[in-house]
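Peer 1: Structure incoming, see below.
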Amino acid sequence: MSDYLYYFITCFLIGSLPAGELLTRLKTGKSMLLPGTRNTIAPAKMFEILGIPTGIIVCLFDGLKGFLAVYPVAIFFIGPDPYSQYWAISLGGFLTVLGHCNSLFLGFRGGRGLAPTFGVMVTLLPIPAVIALLLGLWLAFWGLSSKPGALSAAGAMPLLSIAWVIFVKPAEIDYLYVVATMSLWTMWEHRDELFSYMGIKNQYQQPQKPVNAEEPADTKANT
């Protein structure tokens, strides 16, 4: 049982690695965390600050977290056939995303989990995950912004997975549980945008300070 515990702790720590925050501080001396919230800046703003090549590296690294957690790390701790213990793989993947959204190294703040969620999903159900990703990217670049793209990809993933399992791979039905859970988690992390699109005002949403807003003089002196 201790092997499972070590696996779960490792998954959370992998998810907690703040690659984007570290690169942003090294390159600009600023933080990706939005003042007054527990989330990071929007992906579009990240690409604007870091540049497209560095932004892509951050996204790939965050996606790699999910892949590592449910493949080589699972094999190392659980054994050569970790997928026979599907509950462990599912929980490990979820803890990786949870760690990304609540990083131990950032005071339990962090991103919104889309990249590591895709890393987990593409490892378990690659075809539906890639199709959902392409749909999200299409809406992000041709539709409006990354926000509707992320929500649409999260919503499409369980639907595509159901079709995949029913018509192509019935033996992979267990994967639907983690796919559905992570899709719901992604929507929860983007709940403010979802409420906004639905015309519902989230009374718990805190007003955000603009990223480029001027800081008080005493604050600047301490940075």
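The values are calculated or read from the model by the stated rules, or taken from the named source; none is laboratory data. The shown structure was predicted, so the numbers you read here are calculated from the model rather than taken from an experiment. Cβ sites come from the backbone with ideal geometry, for glycine too, and all protein chains shown count toward neighbours.
Peer 1: Kindly list, by first and then second residue, each pair from a residue in region 3-23 that is modelled with pLDDT under 95 to a residue that is surrounded by 15 or more Cβ atoms within 10 Å (Cβ to Cβ) and not in a helix (DSSP H, G or I), limited to pairs with Cβ atoms under 6 Å and residues at least 6 apart or on different chains.
Peer 2: Short answer, once both residue conditions are applied: Pro18/Ser103; Gly20/Met32; Glu21/Met32.
Peer 1: Quick check on region 61-78. Is at least one of its residues over 30 Å from Ile173 (Cβ atoms) and not β-branched (Val, Ile, Thr)?
Peer 2: Yes, the conditions are met somewhere in region 61-78.
Peer 1: Among the numbered conditions (1) in a helix (DSSP H, G or I); (2) without any contact (Cβ under 8 Å) to a residue 60 or more places away in the chain; (3) farther than 24 Å from Leu137 by Cβ; (4) among the small types (Gly, Ala, Ser), tell me where Ser31 comes up short.
Peer 2: Going through (1) in a helix (DSSP H, G or I); (2) without any contact (Cβ under 8 Å) to a residue 60 or more places away in the chain; (3) farther than 24 Å from Leu137 by Cβ; (4) among the small types (Gly, Ala, Ser) one by one, Ser31 breaks only (1).
Peer 1: Just one of Gly119, Gly199 is at pLDDT below 65 and either surrounded by fewer than 20 Cβ atoms within 10 Å (Cβ to Cβ) or not β-branched (Val, Ile, Thr) (or both); which is it?
Peer 2: Matching residue, one of Gly119, Gly199: Gly199.
Peer 1: Of all residues in region 155-183, how many are hydroxyl-bearing (Ser, Thr, Tyr) and more than 13 Å from Ala129 (Cα to Cα)? Show your work before the answer.
Peer 2: Looking only at region 155-183, we keep the residues that are hydroxyl-bearing (Ser, Thr, Tyr), and these are 161, 175, 177, 181, 183.
Right, trim to more than 13 Å from Ala129 (Cα to Cα) and you get 177, 181.
The number of residues fulfilling the criteria is 2.
Peer 1: Of all residues in region 38-47, which are buried (at least 17 other Cβ atoms within 10 Å of the Cβ) and outside any loop (DSSP other than H, G, I, E, B)?
Peer 2: Selection gives Asn39, Thr40, Pro43, Met46, Phe47.
Peer 1: Checking the structure you have, find out if any residue of region 86-104 is touching a residue at least 12 places away in the same chain (Cβ under 8 Å), over 21 Å from Ala129 (Cα atoms), in contact with a Lys or Arg (Cβ under 9 Å, 6 or more places away or on another chain) and surrounded by fewer than 17 Cβ atoms within 10 Å (Cβ to Cβ).
Peer 2: Looking for residues that are touching a residue at least 12 places away in the same chain (Cβ under 8 Å), over 21 Å from Ala129 (Cα atoms), in contact with a Lys or Arg (Cβ under 9 Å, 6 or more places away or on another chain) and surrounded by fewer than 17 Cβ atoms within 10 Å (Cβ to Cβ), one finds none in region 86-104, hence no.
Peer 1: Let me ask something else about it. Report the residue count in region 3-29 for those that are over 29 Å from Gln85 (Cβ atoms) and loosely packed, with under 13 Cβ neighbours inside 10 Å.
Peer 2: The number of residues fulfilling the criteria is 4.
Peer 1: Let me ask something additional. Anything in region 31-40 that is modelled with pLDDT under 85 and at negative phi? List them, or say none. Walk me through it before giving the result.
Peer 2: We begin by selecting, within region 31-40, every residue modelled with pLDDT under 85; these are 34-40.
Once the filter is applied, which keeps residues that are modelled with pLDDT under 85 and at negative phi, region 31-40 yields Leu34, Pro35, Thr37, Arg38, Asn39, Thr40.
Peer 1: From the residues in region 64-84 that are outside any helix (DSSP H, G or I) and free of Cβ contacts under 8 Å to residues at least 40 places away in the same chain, which one is surrounded by the most Cβ atoms within 10 Å (Cβ to Cβ)?
Peer 2: Gly79
Residues checked against (1) closer than 15 Å to Asn102 by Cβ; (2) of a type outside the set (A, V, I, L, M); (3) not in a helix (DSSP H, G or I):
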position: Cys11; (1), (2), (3): yes, yes, no
position: Glu21; (1), (2), (3): yes, yes, no
position: Lys27; (1), (2), (3): no, yes, no
position: Gly36; (1), (2), (3): no, yes, yes
position: Ile49; (1), (2), (3): no, no, no
